[in-house]
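Notes follow once the structure below has been shown.
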Amino acid sequence: MNRFLLLGLGLASLMATPAMAVAATAAAKAAASEGATVSRLSAAQIVDRNVAARGGLQAWRAVGSMSMSGKIDVGGKQETSLPFVMTMKRPHKSRFELRFQEQTAVQVYDGVQGWKVRPFLGRNEVEPFTPVEAKAAAAWTELDGALIDYAGKGTTIEQQGMESVEGHSAYKLKLTMKDHVERHLWIDAKTFLELKIDGEPRKLDGRMHNVAIYYRDYKTENGLTLPYVLETVVTGAKASHKISIEHVTLNPPTTDAMFGKPQLALAKASSQ
């Protein structure tokens, strides 16, 4: 599968006197009681807090398109960061451009079909998405993510307890999309922002590997809170792939033609 299809860890120990041990036991019981109260939040309550933390439902509904640019680490013998531009438009359209050695790779999805141009692989033609890529693209969430207006997207959500994600206490949610695809999503118990989500499994070395996408470095842009670092980790693989976002534009001018089948003469980065 095309790796660019879009689309990322506390310890403490104490020496205690008996009196300290009694106090610690009492504190532990209180913490456990508080944790139990917090964990009783329903899936709907967790989602409501997440939506509020990210800027609110109405603010997100006002976003019809979004553009992000920055760098993506592509690995290899020498770690390389390449500039990218990602543009999304409702409903479910996307365009991804990647620059490498004065060439531009382009991937577009019009909500039904997808195409790619990969000149740096010696493929100077427009290729349709493979069945696996098309399935992954169809499973992508809208530009506002998986939880904003989830019921309207046909998604059901279950609360599955709490786990630790990179040292953060997190709610684990199970999402079942309208096409019956299941994903797990972890929400920070303090900030109620996304920490991690299941990615599309990948086939490497003849077998399937689980994929996780970690969300980090949240910033607020025009009242909306977004992660500016996304890292994709493939179970069993040595390297991960990190996307660092530098600029976000809300409601940039777009046309549907941007998301249609590319014309080779026009398959140039819009940022040029």
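Tabulated results
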{"item": "Whole-number Å³ per residue for the convex hull built on Cα positions in the stretch 18-266", "result": "167"}
{"item": "Label-to-label distance, nm, for residues given as GLU127 and ALA257 (7 Å Cα→Cβ offset)", "result": "2.7"}
{"item": "Over the stretch 114-272, relative contact order from alpha-carbon pairs under 8 Å, at least 6 apart, %", "result": "14"}
{"item": "ASP179 versus SER244: modelled label distance in nm, points set 7 Å from Cα along the beta carbon direction", "result": "3.3"}
{"item": "Estimated Rh, the stretch 72-193: Kirkwood, alpha-carbon pairs, angstrom", "result": "16.9"}
{"item": "Rough spin-label spacing in nm, given labels placed 7 Å along Cα→Cβ, for LYS153 and ASN222", "result": "2.0"}
{"item": "ARG202, ARG40 arranged by Cβ crowding within 10 Å, fewest neighbours leading", "result": "ARG40, ARG202"}
{"item": "Listed residue pairs exceeding 29 Å between alpha carbons, taken from LYS71/LYS178; LYS172/LYS203; LYS203/LYS242; LYS71/LYS93", "result": "LYS71/LYS178"}
{"item": "Mean Cβ count within 10 Å, highest first, over the residues of peptides 46-59, 178-191", "result": "46-59, 178-191"}
{"item": "Summed residue charge, Cβ within 15 Å of GLU125's Cβ, Lys/Arg positive, Asp/Glu negative", "result": "+3"}
{"item": "Karplus (6.51, -1.76, 1.60) ³J(HN,Hα), θ = phi - 60°, over the stretch 209-221, in Hz, Gly and Pro reported as x", "result": "10, 6, 10, 10, 10, 9, 10, 9, 6, 6, 9, 9, 10"}
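Quick note: the coordinates plus some simple rules give every number you see, no bench work behind them. Being a predicted model, the structure only gives us computed values, none of them experimental. Positions of Cβ are backbone-derived with ideal geometry, glycine not excepted, and every protein chain shown enters the neighbour counts.
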